[in-house]
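Reviewing the structure listed below.
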Amino acid sequence: MSQTHKAQPAQFVAISARPHPRPGRWIAGAALVVALAAIVYSLWTNPRLEWSVIGDYLFRSLTLHGLWVTLYLTLFAIVIGIVGGTLLAIMGLSGNPVLAALSALYLWLFRGTPILVQIIYPELSLTIPFTHHSLASTPTSSVITGTAAAILALGLNEVAYASEIIRSGIQAVDHGQIEACQALGMSSRLTMRRVVLPQAMRVIIPPMGNETIGMLKTTSLVSVISGHDLLTNLQNVYAQTFQVIPLLIVASIWYLVITSILTVGQRQLERRFGRGVAGSRRAPGVTFRLLRFGSRSARRVVTR
């Protein structure tokens, strides 16, 4: 006598799950909060900090003017660094040995010498090649202003470091995509602009963000050529008033504010350029797990 077995519907039982208690995290967090509160209290009650002086100079015209100079020096230097660094990276990765050698020479020179030396180049001269006869010689300060000299020095120095960052980002892109573009008849320039550089941005943005923040503070070196950046203006003040610590805190507050804004912008750019890549990387794994779960469920139904 045969019996017909009917498939019974699966019964789902609600599971009441609680996270495992971790008292160590709460103890460590409470200890850090207490330590932070103690540091803030000691700073607030320290009479040597002179918070009234800090509040007085925080929004003064000389402080805001120095902040503006610092910002546009940083902006111009980073723009020059990105544009020149891209060209230098492409030269280094090209098959032309002359261009690759020139790129390597530029990197060797500007990464091997201090930026302070590059800023205070004393004079410009025009000489006959392979001779010691000088046709013209003039001090640098009489040809370009201190601001222009600072922008050039900072920008040309940044080109060398940005070039290595961009080169690493370009090399991180799978070479098979470049070969596919060549098979489709795309030119090297179009392949670099439409395929390689957009994918390389997810590798380039984090270190370039660090370079931008570093350049923000490197602009203080322009004081040697009569620059008027944030730190230089405040140094000129405390050289006369001897209020060194309060004015340095004023500079630190503004540097922290600008650094925080740049960090937020960097995170937004990372999400923007990493959105599609992250999704495409997670998708195969999620699809595979769903297919595996579906196959197991199908096997159970067939077995029943």
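For the range 223-249, a residue qualifies if it is touching an Asp or Glu at 6+ places or on another chain (Cβ under 8 Å) and either surrounded by fewer than 17 Cβ atoms within 10 Å (Cβ to Cβ) or part of a loop (DSSP other than H, G, I, E, B) (or both), and the qualifying residues are Gln243, Ile245. Can you find even one residue in the range 271-282 that is at pLDDT 85 or above and part of a helix (DSSP H, G or I)? The answer is yes; a qualifying residue exists. Scanning the range 231-276 for residues that are on the phi > 0 side of the Ramachandran plot and among the aliphatic types (A, V, I, L, M) gives no hits.
Just one residue in the set Arg202, Arg189 is charged (D, E, K, R) and modelled with pLDDT under 85; that residue is Arg189. Any residue that is at pLDDT below 85 and within 24 Å of Met215 (Cα to Cα) - is there at least one of those in the range 128-142? Yes, the range 128-142 contains at least one residue that is at pLDDT below 85 and within 24 Å of Met215 (Cα to Cα). Among the residues of the range 250-273, those identified as more than 19 Å from the chain's Cα centre (by Cα) and crowded, with 18+ Cβ neighbours inside 10 Å are Val250, Ala251. Among the residues of the range 69-88, those identified as without any contact (Cβ under 8 Å) to a residue 24 or more places away in the chain and within 16 Å of Lys217 (Cβ to Cβ) are Tyr72, Leu75.
The single condition from (1) within 30 Å of Leu116 (Cα to Cα); (2) in contact with a helix residue (DSSP H, G or I) (Cβ under 7 Å, 6 or more places away or on another chain) that Ile178 fails is (1).
The single condition among (1) of a type in the set (S, T, N, Q); (2) farther than 30 Å from Trp254 by Cβ; (3) at pLDDT below 85 that Gln118 does not satisfy is (2).
Here Leu156 fulfils each of the conditions (1) at pLDDT below 90; (2) surrounded by 10 or more Cβ atoms within 10 Å (Cβ to Cβ); (3) within 21 Å of Glu211 (Cβ to Cβ); (4) of a type in the set (A, V, I, L, M) apart from (1). Being among the small types (Gly, Ala, Ser), within 25 Å of the chain's Cα centre (by Cα) and surrounded by 13 or more Cβ atoms within 10 Å (Cβ to Cβ) holds for only one residue in Ser163, Ser188, and it is Ser163.
Residue by residue, here is whether (1) basic (Lys, Arg); (2) touching a residue at least 12 places away in the same chain (Cβ under 8 Å) holds:
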| residue | (1), (2) |
| --- | --- |
| Gly176 | no, no |
| Ala180 | no, no |
| Leu184 | no, no |
| Ser188 | no, no |
| Ala200 | no, yes |
| Ile204 | no, yes |
| Thr212 | no, yes |
| Lys217 | yes, yes |
| His228 | no, yes |
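For the range 79-97, what are the residues that are of a type in the set (A, V, I, L, M) and in contact with a Leu (Cβ under 9 Å, 6 or more places away or on another chain)? Result: Ile80, Leu88, Ile90, Met91.
The values are calculated or read from the model by the stated rules, or taken from the named source; none is laboratory data. Bear in mind the structure is a predicted one, so any value in this text is a computation, not a measurement. Neighbour counts run over all protein chains shown; Cβ positions are idealised from the backbone, glycine included.
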